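The values are calculated or read from the model by the stated rules, or taken from the named source; none is laboratory data. Not measured: the values here are computed from a predicted model. Don't worry about glycine lacking a Cβ; one is built from the backbone with ideal geometry, like all the others, and counts go over all protein chains shown. Calculation scope for accessible area: heavy atoms of the full protein, side chains included, ligands and nucleic acids excluded. Shrake-Rupley method; radii C 1.70, N 1.55, O 1.52, S 1.80 Å.
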Amino acid sequence: GTTASPFTRTIAPLADQSAILNLTVSGVTVLAWNYDAAVAPPQISSVVNAGDGGSDIAPGGLISVFGSQLSPVNMASSEIPLPTALANSCLSVNGLPVPILFVSPNQVNAQMPFQAIGDVTLILRTPGGQSDNYNLVIEPNAPSVFMSTVGPEVNVPTVVRNDDNQLVTPSHPIHRKSNTALVIYLTGLGPTSPAVGTGQPAPSNPLAITLTQPTVTLGGEELPLLFSGLAPGLVGVDQINVSVPFNVPDGMSVPLVITQGEVSTSIPVRVVD
């Protein structure tokens, strides 16, 4: 160096091209060989609801965004309320920030803002740039039951019997003569009273009740509705409680149909005596 500038930075590429050493007044920094490689902008290929993976999405519902270059790392959020930026990835819908639960290079899980309705435009921003506009339609209501895995069984609807808190499966069916009550976990039931902020957990007192009450049938028989609203303590997860009368039909694959507004979803369940 010189008297005016007694120290200069030194860059030392290693001979095996495994790293680059950067020597400064602060010390030595080890850089990846390709640290300055250009990062591609994110690309969105599809947006679905996080329940059954369908295209129907409602305000406040959980969604999954699929594509490429969506995040440089895998990361799940443990913050409540949910953050609107995670691992330097952030989503917006019509300019509204979107709370994010999980990011990875190919998938982002988030909650659609309660203010979003009708034709909307979704954009993802990362250190690599900004995605193209992704246009979609947000329905007022879009009930979508979450799917679970139970041992070797996959895509099991998240319907729980209240007598033992176990999932309804072909080997653990609904017993119509025991006056069973069911708890259905889903997303997309839309706004509630009282209103709950986007990214916020649902209250337990008072409960957040769905504004548009759904109708639930089993084998064509309407089930008495005990509760419909956000699941207390969870973000974007809805809950429907129903009782099962004695006159529902039995069978290996009886349709359990949830209708709300103009949207319906149907899942098969086993019903026995």
| Which of [x] 74, 63, 36; [y] 94, 39, 34; [z] 70, 46, 36 is the computed Cα extents along the principal axes in Å for the structure on display? | [y]
| said: Just want to confirm a number: the relative contact order over segment 94-143, from Cα pairs under 8 angstrom separated by 6+ residues, in percent. | reply: 28
| Choice from Val30, Val159, Val39 with maximal GNM fluctuation in the chain (Cα, 10 Å cutoff) | Val30
| Which of these, Pro206, Pro224, Pro42, has the largest mean-square fluctuation under a Gaussian network model of the chain (Cα springs below 10 Å)? | Pro206
| Using the Cα atoms of segment 76-223 to build a convex hull, what is its mean projected area in square nanometres? | 11.6
| Per residue and in Å³, how big is the convex hull formed by the alpha-carbon atoms of segment 73-112? | 61
| Expressed as a rounded percentage, what relative contact order does segment 171-229 have, with Cα pairs under 8 Å and six or more residues apart? | 27
| query | Quick one: if you stick a label point 7 Å off each Cα along the C-beta vector at Gln43 and Asn88, how many nm between them? | reply | 2.1
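Could you work out the relative contact order of the chain, using alpha carbon pairs under 8 angstrom and six or more residues apart, expressed as a whole percent?
15
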| remark: Mean shadow area (nm²) of the C-alpha convex hull around segment 1-150 is 13.9
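Using the Cα atoms of segment 50-106 to build a convex hull, what is its mean projected area in square nanometres?
4.3
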| ³J(HN,Hα) computed for each position of segment 211-216 - Karplus, 6.51 cos²θ - 1.76 cosθ + 1.60, integer Hz, glycine/proline x | 5, 9, 6, x, 10, 10
| said: What is the percent carbon and sulfur in the accessible area of the chain, measuring with a 1.4 Å probe over the protein chains and ignoring ligands? | reply: 53
